[in-house]
Amino acid sequence: MIAQIGHFDRVGYLEGRKHALDIVRDGRLLLELQGGRPQLVDRLRQCMQCKPASFAKGVESIIALVQEVDQ
């Protein structure tokens, strides 16, 4: 769950996106496996726990892209 407290921080958002993209790059083989995409999305969701809202929103934007490719 994303923390709703605090202001939007563009740098935090970009850091969250970069971190999430690194996870996707490292786990790119999961994208090719059956059932791998949900595992990758779970990893991304785990990395946004207890993070500032801006960072989590950056990660969330990458999750949306990963899920969009699945459809």
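If Arg28 passes every condition in (1) in contact with a Leu (Cβ under 8 Å, 6 or more places away or on another chain); (2) modelled with pLDDT under 95 but one, which one does it miss?
All conditions are met except number (1).
Within the stretch 54-71, which residues are farther than 14 Å from Arg17 by Cβ and in contact with a helix residue (DSSP H, G or I) (Cβ under 9 Å, 6 or more places away or on another chain)?
Gln67, Val69, Asp70
For the stretch 38-52, what are the residues that are open to solvent by 90 Å² or more (accessible area, probe 1.4 Å) and either of a type outside the set (A, V, I, L, M, F, W, C) or not in a loop (DSSP other than H, G, I, E, B) (or both)?
Gln39, Arg43, Arg45, Gln46
Select from the stretch 5-19 the residues that are among the β-branched types (Val, Ile, Thr) and either within 14 Å of the chain's Cα centre (by Cα) or outside any loop (DSSP other than H, G, I, E, B) (or both) and list them in ascending order. Write out each step before concluding.
If we filter the stretch 5-19 for residues that are among the β-branched types (Val, Ile, Thr), which is where we start, we get 5, 11.
Answer for the stretch 5-19, where residues must be among the β-branched types (Val, Ile, Thr) and either within 14 Å of the chain's Cα centre (by Cα) or outside any loop (DSSP other than H, G, I, E, B) (or both): just Val11.
Please count how many residues of the stretch 20-37 are open to solvent by less than 80 Å² (accessible area, probe 1.4 Å) and in a helix (DSSP H, G or I).
Total meeting the criteria: 9.
The values are calculated or read from the model by the stated rules, or taken from the named source; none is laboratory data. Small disclaimer: the values here were computed from a predicted structure and weren't measured. All Cβ positions, even for glycine, are placed from backbone atoms using ideal geometry, and neighbour counts span all protein chains on display. Just the protein is used for accessible areas: all its heavy atoms, side chains included, with ligands, DNA and RNA removed. Shrake-Rupley method; radii C 1.70, N 1.55, O 1.52, S 1.80 Å.
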